[in-house]
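Here's the structure we're looking at; comments come further down.
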Amino acid sequence: MRRSIARPLLAATAFLGLGAGVAWAQASADGTCARDTLVAQSMQRQAIDQLEQTDGDEAKSCRIWRRHVETMRRVAAVYGRCLSGSERNERLAQVQGSEKEFSGLLKTRCRGQ
């Protein structure tokens, strides 16, 4: 299992570093968006950290994956509202892709857990 999430985790971790200054500059026009974007980035980092804690325990993995899917949905809502242009498109694609990937894992591997 570790191997199947390693690639998306590396991509997500690298992606978080891209455009952080741009996101801040775009969002700072609206104080709410500035705060919400920073919180969303933090939530995304924490979700990735939690994914790295999966240790083969299927029930634990399923809980972490459920939390991850919900977090990615919340982060996507903030990015959709607060970012613009290519950064918005890129970040939304990244978090929505992650949400879709882990929703798929939940459906195939976490029935009844």
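The values are calculated or read from the model by the stated rules, or taken from the named source; none is laboratory data. In this text the structure is predicted, and so the values were computed from the model without any measurement. Note that we place each Cβ from the backbone using ideal geometry, even for glycine, and neighbour counts take in every protein chain shown.
Some values worked out for this structure:
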| read-out | value |
| --- | --- |
| Residues of the range 97-113 that turn out to be exposed (fewer than 13 other Cβ atoms within 10 Å of the Cβ) and part of a helix (DSSP H, G or I), as a count | 4 |
| Total residues in the range 52-77, condition modelled with pLDDT under 90 and either aromatic (Phe, Trp, Tyr) or assigned to a loop (DSSP other than H, G, I, E, B) (or both) | 5 |
| Yes/no for ARG35 being under 16 Å from the mean Cα position of the chain (by Cα) and either modelled with pLDDT of 95 or more or in a helix (DSSP H, G or I) (or both) | no |
| Flag if ARG73 is basic (Lys, Arg) and surrounded by fewer than 18 Cβ atoms within 10 Å (Cβ to Cβ) | yes |
| Search result, residues across the range 86-96 that are more than 15 Å from LEU51 (Cα to Cα) and surrounded by 12 or more Cβ atoms within 10 Å (Cβ to Cβ) | GLU87, ARG88, ASN89, GLU90, ARG91, LEU92, ALA93, GLN94, GLN96 |
| Restricting the range 52-70 to residues that are out of contact with any helix residue (DSSP H, G or I) (no Cβ under 6 Å at 6 or more places or on another chain) and within 17 Å of GLU99 (Cβ to Cβ), the residue that is surrounded by the most Cβ atoms within 10 Å (Cβ to Cβ) | SER61 |
| Count - residues of the range 78-96 that are assigned to a helix (DSSP H, G or I) and free of Cβ contacts under 8 Å to residues at least 60 places away in the same chain | 13 |
| In the range 99-113, the residues that are over 12 Å from ARG63 (Cα atoms), at pLDDT below 95 and of a type in the set (Lys, Arg) | LYS107 |
